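Values in this text are rule-based calculations from the coordinates and carry no lab data. Everything quoted here is computed from the prediction, not taken from an experiment. Quick reminder, even Gly has a Cβ in these numbers, built from the backbone with ideal geometry, and neighbours come from all protein chains shown.
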Amino acid sequence: MRSRALLLAVAAGVAVVACAGVLGFRKTPAPVFAHRAHVTAGIGCPRCHTGIEAAGDDATMHIPDDASCQAAGCHDNPHDKRSCASCHSDPWTVGLAIEAKAHLKFAHARHAGPAVGNCARCHQAVGTADGALRPVMATCWSCHEKERDLRDCNACHVDLPGETTPPASHLIHDDDYVTRHGPQAAAAADACASCHRADFCASCHGVTAPTLSARLRPADPMAASAHRPGFIARHSEAARAMPTTCTTCHAPDRCLDCHRDRGVMTSTTTSPHPPGWIGVGPGANAHGAAARRDPVACASCHGGAGEQLCVGCHKVGGPGGNPHPPGWSSRQPMGAMPCRMCHPAGGTP
Amino acid sequence: MRAALTVAATLALAARADAEPLRLRGDALASAQSPVGLLVLGGDGGVAPGVSAEALVWMGTDADHGDALVMAVVARRADRRAEVRLGRLIATAGALRPQHVDGVAGRARLPARFDVEAFGGVPVVPQLGVRAWDWLAGGRIGRRLGDWGGVGVAALERRSQGRLDVRELGVDAAVAYRKSDLAARAVLDAIDPTLADVDVAVTHRMGGLRVELAGQHRVASHLLPATSLFTVLGDVASDRLGAAVRWKAAPRLDLAADVGARAVDAEYAADAYCRAVLRLDDAGKGAITGELRRTGVVDGGWTGARLAVRVPRGAFTAALEGELVVPDVDRGRGTMWPWGLAALGWTQGAWDAAMAVEASSTPADRYRVDVLAQLGRRWEVP
């Protein structure tokens with residue numbers, strides 16, 4: 001037994017090593033720009049990023065090209081005819097800069113003064129790392145505390161809900177979070193609104209939602225959605241296992257509407273309920289326990305007329321007897337609905 | 001026709017955009033099975049400094065199918081200390097259930113870290129319908145506790161044809177301490193005083209490991225209008241207690257598991273799932289996920305497996321998704337319910353499209369094959 005466990009452990013270790021690249025442990029070597037080497041050599045940022053200290057929030061990017069490297073007087077005799085960036089930089093870094101430019105309102109000119117020409121005050125990783133040096137949001141907040149307090153995302157973000165790629169430093173929900181977000185959303189709805197527009201909430205909680213949100217994205221099986229399209233096969237099982245959960249988003253009459261539209265249970269003469277659903281005596285009255293367990297499911301089909309159906313039997317002197325459980329009390333006035341269905345005069349029937 | 005007019009009115013309003021760009025999106029979905037067509041139009045943008053609009057409307061191929069999901073104008077102060085929304089919107093206030101309402105909602109940040117939220121209007125009736133004497137009103141007063149938490153008290157009253165439907169009080173709280181946080185909500189049904197709805201979640205993070213303990217208590221009759229006869233049956237509460245673990249086992253591999261126990265009407269059942277997500281690239285554009293799930297309940301348990309793959313190649317994305325569900329009791333509805341979908345997506349600039357084939361065997365249909373086509377486009381008007 002012990003040798004088998006050892007064998008399994010070795011096999012697992014070998015599998016992890018063999019799959020290290022797939023699992024992301026060993027990244028494919030990518031060229032990155034040697035920011036640190038340049039800084040430690042005493043080369044100031046504006047020498048390559050020409051004009052960056054006066055740059056406004058316009059469309060101009062200040063990413064050095066081959067001409068910048070040569071014009072700075074350092075690399076005026078390149079060792080290769082190919083572009084410098086083809087080996088000494090990576091498109092990922094440039095892509096991050098372009099993405100930041102598109103998503104953020106930012107002007108280096110406004111920040112150069114407060115930073116007193118010290119780029120490393122925000123680009124703190126420049127002394128220790130290469131490649132992309134975009135500051136994290138915590139760095140912004142070290143000065144812009146007020147915007148953080150107000151959650152004024154639009155102070156910096158052009159269109160936060162429209163940014164489909166949340167920064168790595170942010171909360172990213174897994175696909176089950178949508179079904180258990182209630183407690184967190186209750187206390188921090190404005191935090192949710194930082195990223196989600198009203199139509200996101202309405203796609204589940206709205207009574208006029210057109211379809212499952214996953215249905216509109218068939219090519220993205222990872223998209224967050226309260227239900228995957230295959231859910232319809234087991235929805236009755238889910239409703240039975242988690243009574244009351246459906247009505248968090250769906251109106252009680254949703255069941256009847258959908259069944260009618262799909263031609264399920266359209267017969268008015270055939271009961272959809274199993275044998276033993278209703279009858280006289282405890283052995284043939286499954287409907288009572290089911291109704292107490294999930295009254296919302298009953299109400300989804302038996303609305304106004306259904307209530308009349310119930311009180312036909314469940315009345316004092318009727319075969320169903322008093323519908324109230326032992327110890328029942330209510331602060332409802334007798335003349336209010338639904339009391340007055342059995343207590344028309346506001347008193348004992 | 002009414003939906004078309006709604007779209008036109010929304011776009012006309014949005015066409016006045018001047019402060020911020022106007023973003024529009026249209027999606028058309030067609031399928032071989034009924035309902036065969038759906039057009040969804042959404043947009044948002046600034047209509048004046050400090051004023052923005054948001055709308056999402058849809059039209060189906062059936063003559064009477066078409067509606068507005070959201071259609072609201074939002075006015076806010078430049079510092080976001082106050083905001084008012086007018087139109088069709090989702091109103092949320094702490095522990096209360098979200099309400100889909102045609103009306104007005106506002107939020108203000110007061111001194112001493114107090115927040116006030118209030119909303120009122122007419123509950124949304126599908127198909128732009130109207131019911132007389134339906135209205136609702138609610139609100140919440142909350143206080144932020146530094147940057148580590150907050151508490152709030154909320155109330156809601158809803159009337160149907162003038163009769164009392166819902167009257168409830170809610171309390172919510174959230175606290176964060178180092179790598180742990182706690183969030184909770186509780187709702188008291190004030191018509192028939194009962195603690196009707198309680199949700200508590202405690203989360204702790206340790207590096208790549210995230211552990212959550214969650215509990216839920218819910219009384220079904222609380223979800224029904226107070227005018228329903230079913231509220232007097234003396235229903236039983238549904239309770240669940242569970243723990244979820246998510247572990248970032250490798251840079252591209254996430255593992256998740258959830259185990260819980262549920263009690264309904266003196267019956268106890270367990271449910272659990274485990275899932276693995278492997279990203280095929282650092283950005284996660286390609287991914288494979290596999291999941292096993294077990295839901296146990298008397299006369300309604302099932303065991304299922306799900307596999308989904310998404311592989312991008314240039315402008316195209318291939319996706320494969322499948323589920324297999326085995327019910328504990330088939331009751332003549334089939335011993336297995338397989339479902340699968342194969343899709344090919346395409347994205348180029350502002351356009352995206354997808355074509356999919358879906359096949360399933362469900363309790364309602366022994367065999368069902370459907371072909372889906374989706375076409376979407378984004379516009380941005382400066």
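Summary of computed values
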quantity	calculated
Ordering of A:186-192, B:109-115 by packing [mean C-beta count within 10 Å, highest first]	A:186-192, B:109-115
Calculated FRET efficiency for the pair A:L8/A:A191, C-beta based, R₀ 60 Å, to 0.05	0.85
Peptide B:93-100, shielding by other chains (average Cβ, 10 Å cutoff)	5
Point-to-point label distance, B:A108-A:H111, nm (Cα→Cβ direction, 7 Å offset)	3.6 nm
Difference of contour (0.36 nm per residue) and Cα-Cα distance, B:T347 to B:V153	65.3 nm
Chain lengthening between B:L320 and B:R333 when straightened (0.36 nm per residue, less Cα-Cα)	2.1 nm
Residue mean of other protein chain beta carbons inside 10 Å, B:299-310	4
Rg/Rg_globular for segment B:272-382, with Rg_globular taken as 2.2 N^0.38 Å and Rg from C-alpha atoms	1.33
Three-way shape call for chain B based on the alpha-carbon gyration tensor, with the a/c threshold at 1.5	rounded
Exposure proxy ranking, count of Cβ atoms within 10 Å, fewest first, for A:Y177, B:Y177	B:Y177, A:Y177
Mean residue ellipticity (222 nm) of chain B, computed from DSSP H runs ≥ 4 via -39,500 (n - 2.57), nearest 500	-1000 deg cm²/dmol
Extension gain (nm, one decimal) between B:L145 and B:V371, 0.36 nm per residue minus Cα-Cα	76.1 nm
Lysine pairs within the protein assembly as shown, Cα separation less than 25 Å, 8 or more sequence positions apart or different chains	8
For segment B:206-361: relative contact order, % (alpha-carbon pairs under 8 angstrom, 6 or more apart)	12 percent
Solution diffusion estimate, µm²/s, Stokes-Einstein, segment B:117-199, Kirkwood Rh from C-alpha pairs, 37 °C, viscosity 0.692 mPa s	225 µm²/s
Residue-averaged beta-carbon neighbours from other chains (10 angstrom radius) around A:288-298	6
Residue with peak Gaussian network fluctuation, chain B [Cα springs, cutoff 10 Å], from B:A174, B:A308, B:A283	B:A283
Order of A:C301, A:C201 - criterion: other Cβ atoms within 10 Å of each residue's Cβ, fewest first	A:C301, A:C201
Globularity ratio of the protein assembly as shown, using Cα Rg and 2.2 N^0.38 Å	1.07
